[in-house]
Amino acid sequence: MPIPPGNRQVFSYLSEVPILRGSLVWIPFGPRTIQGVVLSCSEIARAERPTGRFKYVKSVMRESFLTDDQISLAEAVSKECLSPLGRTFRHFLPAVVKERSSKAEAIIEKPAPIRLSNDERDVVRKLAEDVDTKPFYLEAGIEQALRIVVGWKKTNGKKLQTLVLVPEIIAIPFTEKFLCDRFGSERVASVHSALGDGAYFSAWERIRSGQADIVVGTRQALFAPFRKLGMVALLEEAETVGYKQWDMSPRYDAHRVASVLCRLQGATFLRAGSFQGLDTALSERLGEVRVLRIGDGTPLPSAPITMIDMRKERYKKNYSLFSEDLRGSILEARRQNRKVLLIASRGGIDSFSVCASCKDVPRCPECDRALRSTREGGFRCPGCRYRTKSFPRCGKCGSLEFKNVGSGTEKIEREAARIFGGGSLVRIDEGFFRKADRVKPYDSAISAGILIGTPSVLNIGTLRDVSLVAIMDADNFLSFPDFQGDERFLRIVARSACVAGMAGHVYVQAFRPEREALRHIADKSVFELLEKMARDRETLRYPPYNRVFRIAFRDSSEDASRKLAFEARERLMGAGIGFEKEVRISSPMKPLVPKVRGRFEWVILVTIPRSCTFPSVLEKVLLSEPKSWTFDPDPLSLL
């Protein structure tokens, strides 16, 4: 029975009666009574029963709460991420809470029919005919990909369950509504972290019973108790960072977990997006994925892109966040009752603040990150929950005056309201979902004249009547020194151009338009940039040509964390003798953010060939180390 505390995975208990595998039980654990999951149960004769230290199971909470496939998936995730099995099981065990009954009567609407084009029917036919286990990649926008999923479900998956994954909660309302309109709300279940415990458990049980045969969710929906899964459709658009769990163990990637789930269930794995990244291009070349194109493979219609040099705006004494060209285009679009989408690199008011007197930058005492301003007049840390009181003083000189540097969604909203009027503005960022009345923002988003948000807004679905998209601060997107930064920005620009369409326009504002990525976008030579990026990554042994594992050693003392990292590297190097050509172990280094939640970090990177798994000899060394490290396969950043 896996227990969350400690590193030990399984404990043995006695029971007077047989207990089914996957049952949730109450067990004594030291002075406490905690939950456990039954992994196996064997009958033994009374005379052979062990005595002494073995304890008895107190009670069975729920029989067969986890399916065999869920247990197998948990074991695979635990092994991949070197995470204790008990900790992994937490993602498979929702709180058992009864959902409050709603007084409002459910309105049963007749599902709307969907008519596929000949090209779309050809794609559905290919999905059904090919019995190979390789995943598919469909080059299509969000709505067209959902049409393919609906077509497959109606023709081939009538008795099977279908899972549609989205990267952000913001994409749930459109996707859920699209599927409810075609199948009826009683057949669709939604699984994401914005649900209350009761609603979450209710959706979980509807999936278990088979009442819900269509599931829409974020990455945690992968752990639902499916009866028989026929397809997993993973939608990839502007922001795919949401598919990676990076801030807690197990640090899994939804792409890899979905692949394992499809193999366990014998289901079809379909990824869909309008921008084919380097990973997909390499997978296609190696025959690891089959790329499907609708029709003759003509790229989706996209808007022209205009690059604006903000230095020239400052030379013209324009200190606004909006260039003169962008301001004029927005006014013209609003006069014609067309919609505008403004994209910022981050939420909030600014990037950081500086004391007006001594130029000191306020930092978080727990994470050592630069603090950001809040509407209440205080500061907050972007990396943890630390917040200051309203109107704080500078810790160095005591001044009350600070200068905001950079711009976030709130600052853009203020200036847009001043210039264009605030009646038709809607802002969507990380704070949007904290209010109970804004859990489903799609209706307000599509009705807004000017929509302001981070790149996750582009995952909403079809934003109809948007004729102008502006990336307000391209420099901030490209300023983080990460090898994937340019590719992520290209994905955002490509999605923006698709949203605006042929009749629309995309503006990219930057203070350094001579940057390589911006220059290629302006010259319409993006494919040349992607080829160069691919060559550079192959030479440097970066993903997707190799796999990288990030091992972070943490301690409240910086010297202690550094010592842990260097000692661990010596043991890893000793265990890795004989395959130095295949495995590279970096020297310990201080990360870009060296302090996280009050603990200092030192990092080791282990690089292996793309087709390999983490070496078992190195795994044994790590598991023998004191539990002061975190293991992150395929991290979002190497810094």
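Hey, what did the range 563-639 get for relative contact order, percent, Cα under 8 Å, at least 6 apart? Don't skip to the answer; put the middle values down first.
Numbers: 64 pairs, mean separation 24.5, N = 77.
It rounds to 32 percent for the range 563-639.
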Can you compute log10 of I(q)/I(0) for the range 289-406 with the Debye formula, treating each Cα as one identical point scatterer, at q = 0.09, 0.13, 0.19, 0.21 Å⁻¹? -0.47, -0.77, -1.03, -1.13
In the P(r) worked out for the range 77-234, what percent of Cα pairs fall beyond 20 Å? 54 percent
Suppose we keep just the DSSP beta bridges with both residues in the chain; what percent of those would be antiparallel, to 5? 45 percent
Positive-end residue, the chain charge dipole about Cα centroid, Cβ charges, pick of Gln276, Trp204, Ile471: Trp204
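Given just the C-alpha atoms of the range 202-281, how large is their convex hull per residue in cubic angstrom?
Considering the Cα atoms of the range 202-281, their hull volume per residue is 110 Å³.
Using only the Cα atoms, what convex hull volume per residue in Å³ does the chain have? Intermediate values should be presented prior to the final figure.
Values: hull volume 127.4 nm³, N = 639.
About 199 Å³ per residue, rounded to a whole number.
So what is the relative contact order of the chain, in percent, for Cα pairs below 8 Å that sit 6 or more residues apart? Working shown, then result.
On the way: 1190 pairs, mean separation 82.7, N = 639.
This gives 13 percent for the chain.
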Would you kindly find the accessible area of Lys312, with a 1.4 Å probe and non-protein molecules such as ligands, DNA and RNA excluded, rounding to the nearest 10 Å²? 130 Å²
I need the P(r) histogram for the range 106-188: all alpha carbon pairs, bin width 10 Å from 0 out to the longest distance, whole percents. 15, 49, 31, 4, 0
GluC sites (Glu not before Pro) restricted to the range 509-558 and DSSP loop, no more than 13 other C-beta within 10 Å: Glu514
For the range 474-516, place one equal point scatterer on every Cα, skip the solvent, and apply the Debye formula. What is log10 of I(q)/I(0) at q = 0.16, 0.21, 0.24, 0.34 Å⁻¹? -0.46, -0.73, -0.88, -1.21
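Which order do the peptides 25-34, 586-595 take when ranked by the mean count of other beta-carbon atoms within 10 Å per residue, highest first? Can you show the working numbers first?
On the way: 25-34: 13.4, 586-595: 15.5.
The packing order, highest mean first, is 586-595, 25-34.
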Low-density loop cleavage sites - trypsin sites (Lys or Arg not before Pro) in the range 456-522, where at most 11 other Cβ are within 10 Å (DSSP): Arg464
Candidates per trypsin sites (Lys or Arg not before Pro) in the range 106-209, loop by DSSP, up to 14 other Cβ within 10 Å: Arg115, Lys158, Lys159
Cys with no candidate disulfide partner in the chain (beta-carbon separation under 4.7 Å rule): Cys41, Cys81, Cys180, Cys262, Cys384, Cys498, Cys612
Share of pairwise Cα separations in the range 557-618, more than 18 Å, in percent: 41 percent
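With N set to the number of residues, divide the alpha-carbon radius of gyration of the range 505-639 by 2.2 N^0.38 Å and report two decimals. Please report the intermediate quantities before stating the final value.
Values: Rg = 18.6 Å, N = 135, 2.2 N^0.38 = 14.2 Å.
So the range 505-639 has a normalised radius of gyration of 1.31.
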Please turn the phi angles of the range 115-123 into ³J(HN,Hα) values with the Karplus equation 6.51 cos²θ - 1.76 cosθ + 1.60 (θ = phi - 60°), one per residue in order, whole Hz, x for glycine and proline. 10, 7, 6, 4, 5, 5, 5, 5, 5
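Consider all pairwise Cα distances in the range 180-240 and report the whole-number % of them above 20 Å.
Details: 437 of 1830 pairs.
In whole percent, the share of Cα-Cα pairs in the range 180-240 beyond 20 Å is 24.
The values are calculated or read from the model by the stated rules, or taken from the named source; none is laboratory data. Bear in mind the structure is a predicted one, so any value in this text is a computation, not a measurement. Neighbour counts are summed over all protein chains in view; Cβ atoms, including those assigned to glycine, are modelled from backbone coordinates with ideal geometry. Heads up: the accessible areas ignore ligands, DNA and RNA and are worked out on the full protein's heavy atoms, side chains in. Shrake-Rupley method; radii C 1.70, N 1.55, O 1.52, S 1.80 Å.
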